[in-house]
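Remarks on the structure that follows.
All of the numbers you see were taken from the coordinates with simple rules; none came from a lab. Being a predicted model, the structure only gives us computed values, none of them experimental. Neighbour counts run over all protein chains shown; Cβ positions are idealised from the backbone, glycine included.
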Amino acid sequence: MEKIKIEKGQTLYQCDEPVEYLDIVLTGEIAMTDGTNTEVILTNGSMIGATYKPGERYTFNYVAKDTTIILRFDYESEDDIVTAVTSTPAVAPAIASASMEAVKNTLHALSEATDAANDLCKELKYNYNEYQFMCVQLGKAPSKYPLLDVLAAPEPSEALSGWQADICNAFCDNKDELEKSFYPLNVNFCVETVMRATSLGHYFIQELLSVLEFINTTKSTSADFTSEFYDVKSRVGGNSSASSGAAPAIKNAIDMILAFSGVDSEVADNFRKDVKAYIDVEDRHSHSDEMRRLRRSLCDGFYKIYEEAFYKSLETDHLPVEVQMFFYFGFVDEGMAGEANTEFLYKTVVGWEHDPQGRILSFYDWLVKIYKGEAMPSKNEFDSDWLDYLREEVRNNRMTQKEADKLKEDGRAKVDYEIHNMFMGANKTTHGHLASFVPMFNAQDVIRPLDKCLLTPSNVRASFQKVLDIDYSLFYRPALKSYPEFKIQHFMYNTEIKPYIILMPNIGTRGLMWQEVEGPRKETPAHMMLSIFHTEDLDATVVKMCAFFRWEMCRRIMGVRYSDISEPSLTSEYTNYLQFYRKNGYLSSDAKESIKMALQKARNDYKVVFVADYEKYILNEAQGMSRLNKEAREILFKYCTFSAKYRSLRGSTPQYSQLCEAFKLSQANRLHNLDLTLRKMKSINPDGIAPEVPSEIEFAKL
């Protein structure tokens, strides 16, 4: 036991220091504080450390409010608290009263913290609503903050209204009487009060810490929103049209886009001049030499500006709405787009909802994904991916191996590769009209109401789901794994890998299956492209894209033996069927003539014939309308089997009854083998079953 003097402002203990002593305040005051807003005053007689167990760590700082003298005891067990009280009988009543007073102050701090948490939640909710309204005024899309959508204040602690609070208040309300006639009766009454205060204080501190942690976590996770809220608030101007809920008038959009991109004045002036010339042309689809030169110049300028604007967008969280429309739709000028179309584009981009699965993206969002290293760039026109391209550059001595290694993970280099290879080609191809293509939104390209042809993640996913409802195994890939611990050397299973669907910033008519995998690995997603305004039947386009994917994926898996009938596969059997259809005794003369015409139309491209048959299979055969001959139907059913729903619907028809029965036998055999594998694993290690086996069983039941 020793007396220690603490000067005003001196820290007695810091948060996270180990608890080694019991300190009784003899004179002065000590503040228990979190360093911000919470402060509990410990007056004469208060015992510091008793609300912790020996060896625990302080959860608050303890700072002298003025010059303070403390009496220090070693603290190794709960008995030391009793010793500290009984060894100082003269001040024991004061210790008892001060201990309960400290607990009451802690309870008050808990109440204030709870109110602060409620106020914080209310303020954030209110600011979030105001922020969304202000974004409309500024003509920008409000950022999504999922935390604020589900934010709720913590439930008030039971300590605030329970029996613990009642006991604490009763002791404090009768403090004078207890000190005068109760505590002096026996020092053990003081011990009992201190021990009770210690228990209550520990409980209240834990509750207080929980609320403070909620406040700190909420402030931390909402810091980005708070920063953006005040930034937006500082930029809000009086925009009456926005306040009324109508889209604001967009004027001089091209100037905003060019200024934002930061391209040099020569590029900006040339592009502005070309856009004006293009707007002034009555027939923008003309094939004259002058128009071809103008379109070529517009394309060059557009892609330079798009690239520079993209990199600029990475440096700011505030994209002008005109720039967002430029990124998403190729919009550059309100005169070229038309007033009504401009208003529609504005409302669309402000209300754009991203795909929660991150698989269906606008082209701008796709570039962001590549820049962050979350996806690989697409292949170029020579079927070379990013790594192939770097290897080729090294091989041709256009860069060193060291430079290539550095570029592998360079986000800017990958984006540059994507823009100059995939974007320029796919943007033109999805548009559909190659001779008259310009990458800018043009009112003369609008042949259907925009709201009828706008593609969003939700309606694109719905179209793909229609195909998957029939061809359930479309995006499943075979994979091989071994389990030495179960004495299984080869286990074949199927894994589903959904493709990336990239919405190109144009009005177009075509869908593209650009590549079936990323790089050499077969367990990577395909890249497919659609115009963000697709003027054709979306469902039919998606079926065609899926057909191309089926063929190319099989070719990828089979490699050089994709057409070798000794290795049965979709491509080898279809190739064999088309090569030798004349000798096929199961085909009628009419069927043979139909195949001959199909091959002539496809210029002997077997893939094109397959795609046409796959479309009939999905759009007609699955609906009960026979459009295929017996051989084509059998091959398609074998490798693109109907889902259970459609097997049930078509299984009773003459065309599919035998096929469905054969599939049932094959399915039963597969399930039996999988069941044996599962039992084997369970017998060896019931808790270590490989997840691929139950997953494959579920797949086999589809």
XL table LYS122/LYS347; LYS592/LYS616; LYS544/LYS664; LYS372/LYS544; LYS645/LYS680; Cα-Cα > 24 Å flagged, in table order, is LYS122/LYS347; LYS544/LYS664; LYS372/LYS544; LYS645/LYS680
Give the relative contact order (percent, whole number) for the stretch 2-227; include only Cα pairs under 8 Å separated by 6+ residues. 23
For the stretch 127-140, in order, what is each residue's ³J(HN,Hα) by Karplus, 6.51 cos²θ - 1.76 cosθ + 1.60 with θ = phi - 60°, in whole Hz (x at glycine and Pro)? 5, 5, 5, 5, 4, 5, 5, 5, 4, 4, 4, 8, x, 10
If one compares the long axis through the Cα atoms of helix 265-280 with the longest principal axis of the Cα atoms of the chain, the angle in degrees, nearest 10, works out at 50
Simple spin-label model, 7 Å along Cα-to-Cβ: HIS287 to ILE41 in nm? 9.1
GLU374/GLN579 FRET efficiency (R0 56 Å; Cβ-Cβ; nearest 0.05): 0.85
Under a point-charge model restricted to the Cβ atoms of Lys and Arg (+1) and Asp and Glu (-1), what is the dipole moment magnitude of the chain relative to its Cα centre, in debye to the nearest 20? 4320
Looking at the P(r) of the chain, how many percent of alpha-carbon pairs lie beyond 35 Å? 63
Note to self, the chain gives a 222 nm [θ] from helices alone (DSSP H runs n ≥ 4, -39500 (n - 2.57) apiece, / all residues, nearest 500) of -17000 deg cm²/dmol
Whole-number percent relative contact order across the chain, with pairs defined as alpha carbons under 8 Å at least 6 apart: 8
How far is the Cα center of the stretch 13-38 from the Cα center of the stretch 188-212, in Å? 15
Counting just the Cα atoms, what span does the stretch 369-421 cover along each of its three principal axes? Round to the nearest Å and put the largest first. 30, 23, 14
Compute the helix-to-body angle for 630-639: its Cα long axis versus the longest principal axis of the chain, expressed 0 to 90° and rounded to tens. 20
Which of the trypsin sites (Lys or Arg not before Pro) found in the stretch 584-616 are in a DSSP loop and have at most 16 neighbouring Cβ atoms, other than their own, within 10 Å? ARG603
Give me the extension gain from THR653 to LYS596: residue separation times 0.36 nm, minus the current Cα-Cα distance, reported in nm with one decimal. 17.8 nm
For the stretch 248-352, just the Cα atoms, rotate onto the principal axes and tell me the three extents in Å, largest first. 42, 31, 19
Can you compute the modelled spin-label distance between SER566 and LEU160, with each label point 7 Å from Cα toward Cβ, in nm? 8.0
If you average the alpha carbon positions of the stretch 351-397 and of the stretch 401-435, how far apart do those two centres end up, in angstrom? 7
From the mean inverse distance of alpha carbon pairs (Kirkwood) and the Cα radius of gyration, derive Rg over Rh for the stretch 653-702. 1.17
The stretch 403-555 - percent relative contact order, Cα under 8 Å, separation 6 or more: 25
Using a simple spin-label model with points 7 Å from Cα along the Cα→Cβ vector, what separation in nm is obtained for GLU339 and GLU409? 5.4
Can you give me the angle between helix 386-395 and the longest principal axis of the chain, using Cα atoms only, in degrees from 0 to 90, rounded to the nearest 10? 70
Plugging the Cβ-Cβ distance of ASN188 and CYS15 into 1/(1 + (r/R0)^6) at R0 = 30 Å yields, to the nearest 0.05, a FRET efficiency of 0.35
At 0.36 nm per residue, and after removing the present C-alpha to C-alpha distance, how many nm does the segment from VAL91 to GLU353 gain when stretched out fully? 87.5 nm
The stretch 2-227 -> Rg/Rh from Cα coords, Kirkwood Rh, value 1.10
A chain fully extended from ASP605 to TYR476 at 0.36 nm per residue, minus the present Cα-Cα distance, gains in nm 43.9 nm
Quick one: which residues, 5+ away or cross-chain, put their amide H under 5 Å from the amide H of ASN506? H built at 1.01 Å from N. ILE532, PHE533
